[in-house]
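The values are calculated or read from the model by the stated rules, or taken from the named source; none is laboratory data. Keep in mind that this is a model prediction, so the values were computed, not measured. Cβ atoms come from the backbone with ideal geometry, glycine included; neighbour counts cover every protein chain shown. Ligands, DNA and RNA are excluded from the accessible area calculation, which covers all protein heavy atoms including side chains. Shrake-Rupley method; radii C 1.70, N 1.55, O 1.52, S 1.80 Å.
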Amino acid sequence: MPERESRSIYYYKDKKYSRRGLASLVLALLSLLLLVILTALAQAGISSSVTGAVGFTAMMMALVGVVEGLISFSDGFVRSYAVSKAGTILSGLIFALWFLIFCIGMAA
């Protein structure tokens with residue numbers, strides 16, 4: 001009788017998140033927090049040139065988050081890409097929103 005080959009066992013709990021993916025998610029969350037704070041200040045009528053500078057910085061943070069998220073997909077096959085996907089998508093959406101606000105401000 002032929003011997004039965006042993007089956008390979010795969011463990012997914014050992015996969016680690018990409019550092020660049022985590023950075024992308026953190027930048028997206030910080031940019032979103034600044035968006036909420038600056039929107040509340042603008043609604044209250046408390047805005048200045050500092051508000052615009054902080055908004056532009058938050059827009060650049062979202063752009064860097066998109067770039068970091070895209071680079072994180074090349075970290076190797078031992079990484080889990082869930083955080084990379086979330087960070088890239090969230091950063092992209094927030095950057096699009098910031099860009100829209102920037103274009104509306106330039107048109108006014």
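The table below lists the values:
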item: Filter result for Ile94 (over 21 Å from Lys16 (Cβ atoms), assigned to a helix (DSSP H, G or I) and open to solvent by 60 Å² or more (accessible area, probe 1.4 Å)); result: no
item: Number of the exception - Ser49 against (1) of a type outside the set (A, V, I, L, M, F, W, C); (2) modelled with pLDDT of 85 or more; (3) farther than 28 Å from Ser18 by Cβ; result: (2)
item: Residues located in the stretch 40-52, provided they are assigned to a helix (DSSP H, G or I) and of a type outside the set (A, V, I, L, M); result: Gln43, Ser49, Thr51, Gly52
item: In the stretch 69-78, the residues that are farther than 19 Å from Leu33 by Cα and buried (at least 22 other Cβ atoms within 10 Å of the Cβ); result: Ser72
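Rundown of residues vs (1) in a helix (DSSP H, G or I); (2) surrounded by fewer than 12 Cβ atoms within 10 Å (Cβ to Cβ); (3) without any contact (Cβ under 8 Å) to a residue 40 or more places away in the chain; (4) over 12 Å from the mean Cα position of the chain (by Cα), yes/no style:
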| position | (1), (2), (3), (4) |
| --- | --- |
| Leu25 | yes, no, no, no |
| Ser31 | yes, no, no, no |
| Leu35 | yes, no, no, yes |
| Leu38 | yes, no, yes, yes |
| Val54 | yes, no, yes, yes |
| Met61 | yes, no, yes, no |
| Gly65 | yes, no, no, no |
